[in-house]
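Okay, so here's the structure we're looking at.
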Amino acid sequence: MNPRTLHGVARLLLGALGVSLLALALFLVVESLPISAAWVALGGGVLLVAAIYEHGRYQAAIAADRSQFQRTEEVFTDPTSGQRMRVWFDPATGQRDYRPEG
């Protein structure tokens with residue numbers, strides 16, 4: 001299985017577990033167990049926030065104007081996709097951009 005797909009499945013399962021725990025907490029409140037419900041809700045909330053936060057965490061924040069970037073000789077194989085990538089560099093900001101080669 002592609003590591004990127006596996007990563008998405010893991011994030012989806014983490015989010016589903018968080019939602020399930022929040023539903024269980026609601027059930028515990030209805031059953032008059034507020035202390036237990038609070039701990040379960042806390043755990044579910046943490047899992048849900050982690051799944052949502054992690055989704056956007058590794059996305060590149062490259063400026064829309066890429067004309068300042070200069071091609072470098074640095075090339076590597078992306079371990080996630082297996083694709084060959086070229087490094088581009090903006091000397092004004094020091095920012096690096098990774099673009100598919102070819």
(message) Residue under question is Arg71, and the condition is that it be in a strand (DSSP E or B) and under 26 Å from Gly8 (Cβ atoms); does it hold?
(response) no
(message) Among the residues in segment 49-63, are any at pLDDT 90 or above, over 30 Å from Glu101 (Cβ atoms) and surrounded by 15 or more Cβ atoms within 10 Å (Cβ to Cβ)?
(response) no
(request) Mind listing just one residue for me: the one in segment 2-18 that is surrounded by 14 or more Cβ atoms within 10 Å (Cβ to Cβ) and of a type outside the set (Lys, Arg) and, of those, modelled with the lowest pLDDT? (result) His7
(request) Taking Arg86 as meeting all but one of (1) modelled with pLDDT of 80 or more; (2) more than 27 Å from Gly15 (Cβ to Cβ); (3) surrounded by fewer than 14 Cβ atoms within 10 Å (Cβ to Cβ), write down the number of the exception. (result) (3)
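The values are calculated or read from the model by the stated rules, or taken from the named source; none is laboratory data. Just so it is clear, the model here is predicted, and its values are computed rather than measured. Using ideal geometry, Cβ is built from the backbone for each residue, glycine included, and neighbour counts are taken over all protein chains shown.
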